[in-house]
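Read the structure below first, then the notes.
Just so it is clear, none of the values below were taken in a lab; they were calculated from the coordinates. Model, not experiment: these values are computed from the prediction. FYI the Cβ positions are ideal-geometry reconstructions off the backbone, even for glycines, and counts take in every protein chain you see.
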Amino acid sequence: MIKEKNYNIISINSASIHAFFSKVIQLPEGKKKYKEKIPEFVFINAELSSNFLRGLFDSDGGVTISKKYKKSILLSSANDSFLNNVSILLKKFDIQFPMYKSGNKKGFELRTFKRSEIEKFNKNIGFMHPIKHLRTIAPVAQTGRATTS
């Protein structure tokens, strides 16, 4: 295992594990830009869907607090088709994240500032990532940071 600043890299040299991830789970090989897709089996039931979404938002999602002290949950990608499918999964839990052009206009993002949608996300999907979890549940101080009091 290689420890990087914010993550770990595990290198596994096993043909059977590679086949599992590439053929069964259908993770694309190499660079992922424009190749991201949700495996069909994720759509089968709510537990698989929520677990997939939790892992996706834990790894690639974000929780922001604006200058006006408004929280948001977001997921960005250059692949709008992928984000449309993420939106379909979220709708299974009655969660609505509108799609926007990203700030740099080179991609897209699903994002909500609505407290009701953030609460539904926390109830049905949630974060395992401790900082993201804390940001979604803690009140926001005038500093724009989540507080724990």
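Quick one: grab the alpha carbon gyration tensor of the range 23-128, order the square roots of its eigenvalues as a ≥ b ≥ c, and give me rounded if a/c is under 1.5, else prolate or oblate depending on whether a/b is larger than b/c.
It is oblate, given that a/c is not under 1.5 and a/b is not larger than b/c.
For the range 33-137, what is the charge dipole size about the Cα centre, in debye to the nearest 20, if Lys and Arg each add +1 at the Cβ and Asp and Glu each add -1 at the Cβ?
600 debye
Students often get this wrong, so check it: of Lys23/Lys91; Lys37/Lys67; Lys67/Lys106; Lys23/Lys123; Lys67/Lys105; Lys37/Lys91, which have C-alpha atoms separated by over 29 Å?
The pairs that break the limit, which is 29 Å between Cα atoms, are Lys37/Lys67; Lys23/Lys123.
Over the range 33-137, what relative contact order in percent results from Cα pairs under 8 Å that are six or more residues apart?
Relative contact order of the range 33-137: 29 percent.
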